[in-house]
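Trainee: Dropping a structure here in structure tokens format, bear with me for questions.
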Amino acid sequence: MNIRDHSSQFSIFVYSTDVDQGASVKVSLSQAGYDAYYIQEMEVFQQRLKEMTPHLVVFSTTSVQGILSDFVNKVLEVSPEIKLIAMAEPQQFEALSQYNTLGLVDIVSLEGPSLDMRAVWAVDQTCETLYLTYQNEQLFTDWKEAQGQKDKLQQQVNDQKAVQQETSQMLVSNRVADYRSSQSKEEVLQKYFERLEKVPAVYFKYLTSVRSFVATHASGFSSQQIQGVGCQLEGTDLESLNTQITVGLLPPIMMEMLQKVFQIQTSRVLPLFVQNQLEGVVIYSGDLGKADTLRVGEEFSLFALCYSYFCLEKKVESLDVMDFVTDLYNQKFYVDKLHEELERSRRLQQPVSVLKISIDDFFEIEQTLGSNVRDEVLKTIGDYVRRTIRTNDFACRTQVNEFGVILPHCHKKGAALLGERLRRIVESSAILDSGVKISISVGVSEYPSLADSVGSLDETATKALMHIMEKGGNRICLFKPSGNFTPEFEVVVD
């Protein structure tokens, strides 16, 4: 989704006694389309909260007079639904983590360049999550209405003979339970085709990125017959594709493929949609008998409902921990996992390392080439990170232009080698068609040799990153502790 299409629906208060700071953040939020207001005085801020409850409050911790918990509680007294984003010094991050349960959804560091852009990014992530949550609540309501329609249909069946009623209820219940026990979308599909037994039918998954249909599941055909079968659509085929498929019409190139590979001369189409997005189509011969046609269609209705519900459940689960631009974990997951891994490191007397990664000249790329190219660069770098790290490592997007990688059971030397490998991969890759070269800077730290807590581990990796970026970037930097630093235990390097 593009949050810019919906940003005007969100009202945001910016509270800071620093006029330059607060006004800059407010202007950037307004330029991003948000209904933003800057407030400098606490009394005015409290009065405005009561007059117009915002969705989000962005505040500077240095402007809060008195105890921070009193400020947070006064905001939540107006409405517990208000979300908070703090602009704070890095040394305050660990103390602020205790407010996660009180509506604090993100922290923006006051250190470093482009505070207003980083604040906008944090607001974007929060509002995307809020929008998708509201959207999924509506989807769940729709699903419940669909369940109500199914229950009404079941009530009609109840008017039949007692034996037929009992048998039918048992079969539907068992089938739904069987679908709901699936662990993946592919398993839900597989169970549907198993229920078709030998009725000839093929499922073609739609790959939006390459405009192609690819056969993945079938009944009545062997796996060898569908292996590698598919077709790529022409540009003209994409016009009104969803509408055409909904009424049972396939692109000509797909009809030719069905006739050639499966000898299907006349076809019937059952489209599978999730949140108005085409997932794929089930295609079977139009020459089937009435009984088989009815069985394929009835089973598809039950399958499609369970498939959509499965996708909805998985999306709700991912809302809280995923960054939707890069498909990496988000800042909240990073903080929680870093606490967890450091405690495990202490118990097992094993090191844990952190990489902090930034794209060099990131904001210049955004201003020159636009937000679409910026997001494409972020996605590509995120993919490089994901493919370079180990299977037990955790890659996260922690700021507008910052990735954090947690490396359990990895000492500083191994972390530095991995960071250098990633830097070279990015440097040698052609990311943009325009010919603009992309490079990254990497900061490295490790517990217990270079840091002694969650806060210092994150902070020292960030300091190493900032240091190397100030030197021109496109290098890695291993944090160097002070001379009197004493690690909690010694790390043995093989």
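Any read-out appearing in this document is the output of simple, stated calculations on the displayed coordinates, not a laboratory observation. Everything numeric in this text was worked out from a predicted model, so none of it was measured. Every residue, glycine among them, receives a Cβ derived from its backbone with ideal geometry; neighbour counts consider all protein chains shown.
Trainee: Could you tell me how many degrees, from 0 to 90 and to the nearest 10, lie between the Cα long axis of helix 412-427 and the main elongation axis, the longest principal axis, of the Cα atoms of the chain?
Mentor: 60 degrees
Trainee: Sort 462, 391 so that the residue with the fewest other Cβ atoms within 10 Å of its own Cβ comes first and the one with the most comes last.
Mentor: Sorted ascending by nearby Cβ count, the order is 391, 462.
Trainee: Ok, one more. Please report 294, 249 as a ranked list, fewest other C-beta atoms within 10 angstrom at the top and most at the bottom.
Mentor: Final ranking by Cβ density, sparse to dense: 294, 249.
Trainee: Turning to a different aspect of this structure: Send over the per residue convex hull volume for segment 3-131, Cα only, as a whole number of Å³.
Mentor: So the per-residue Cα hull volume is 94 Å³.
Trainee: Taking amide hydrogens as modeled 1.01 Å from N in the peptide plane, which residues meet the under 5 Å criterion relative to residue 104, leaving out close sequence neighbours?
Mentor: Close amide H contacts, sequence-distant or interchain: 84.
Trainee: I've got another one for you. Would you mind checking the radius of gyration and Dmax of the chain based on alpha-carbon positions, in Å?
Mentor: According to the Cα coordinates of the chain, Rg and Dmax are 27.3, 86 Å.
Trainee: If you don't mind, another one. At residue 94 and residue 236, where each label point lies 7 Å from the Cα along Cα→Cβ, what is the point-to-point distance in nanometres?
Mentor: Result for the modelled spin labels: 6.7 nm.
Trainee: Same structure, new question: So, counting K/R as plus one and D/E as minus one, what does the shell of residues with Cβ under 15 Å around residue 424 add up to?
Mentor: Result for the neighbourhood of residue 424: +2.
Trainee: With the alpha-carbon atoms as the only input, what is the per residue convex hull volume for segment 55-126 in Å³?
Mentor: That works out to 84 Å³ per residue.
Trainee: What is the sum of charges, Lys and Arg at +1 and Asp and Glu at -1, for the other residues whose Cβ falls under 12 Å from the Cβ of residue 280?
Mentor: 0
Trainee: So how do 482-492, 396-406 stack up, highest first, on mean other-Cβ count within 10 Å?
Mentor: My ranking of the peptides, most packed first, is 396-406, 482-492.
Trainee: Please quote Rg/Rh for segment 438-494 to two decimal places, taking the Kirkwood radius as Rh and restricting both calculations to Cα atoms.
Mentor: With Rh from the inverse mean 1/r over Cα pairs, Rg/Rh is 1.04.
Trainee: Another one. I'd like the distance between the alpha-carbon centres of segment 47-120 and segment 225-275, rounded to an integer number of Å.
Mentor: When both Cα centres are located, 51 Å separates them.
Trainee: Working out 0.36 nm times the residue gap between residue 249 and residue 211, then minus their Cα-Cα distance, what length gain in nm do you get to one decimal?
Mentor: 12.0 nm
Trainee: Taking the chain as the reference, fit the longest principal axis to its C-alpha atoms, fit the long axis of helix 371-388 to the helix C-alpha atoms, and give the angle between the two in degrees, 0 to 90, nearest 10.
Mentor: So the helix axis and the longest Cα principal axis differ by about 90 degrees.
Trainee: May I ask you to compute the full-extension gain from residue 276 to residue 427, defined as 0.36 nm times their residue separation minus their alpha-carbon distance, rounded to one decimal in nm?
Mentor: Contour length minus Cα-Cα distance gives 50.5 nm.
Trainee: Rounded to the nearest 0.05, what FRET efficiency is calculated for residue 11 and residue 174 with R0 set to 60 Å and r the Cβ-Cβ distance?
Mentor: That gives a FRET efficiency of 0.75.
Trainee: Using only Cα atoms, figure out Rg for segment 287-395 and give it as a multiple of 2.2 N^0.38 Å.
Mentor: Expressed relative to 2.2 N^0.38 Å, the Cα Rg reads 1.69.
Trainee: Next question, about the same structure. What does the charge count around residue 78 come to, taking other residues whose C-beta lies under 13 Å from its C-beta (Lys +1, Arg +1, Asp -1, Glu -1)?
Mentor: +1
Trainee: Which value, to two decimals, describes the C-alpha radius of gyration of segment 180-318 once divided by 2.2 N^0.38 Å?
Mentor: Taking N as the residue count of segment 180-318, the ratio is 1.02.
Trainee: Sticking with this structure for a sec: What distance in nm separates the simple spin-label points at residue 470 and residue 224, each placed 7 Å from Cα in the Cβ direction?
Mentor: The answer from the label model is 6.7 nm.
Trainee: Measure nothing but the geometry: give the 0 to 90° angle between the long axis through the Cα atoms of 42-51 and the longest principal axis through the Cα atoms of the chain, rounded to 10°.
Mentor: 20 degrees
Trainee: In whole angstrom, and with the biggest value first, how far do the Cα coordinates of segment 368-418 range along each principal axis?
Mentor: Reported extents, whole Å, longest axis first: 39, 18, 16.
Trainee: Same structure, new question: Quick one: length gained pulling residue 138 to residue 23 fully straight, 0.36 nm per residue minus the C-alpha distance?
Mentor: Net length gain for the segment: 37.8 nm.
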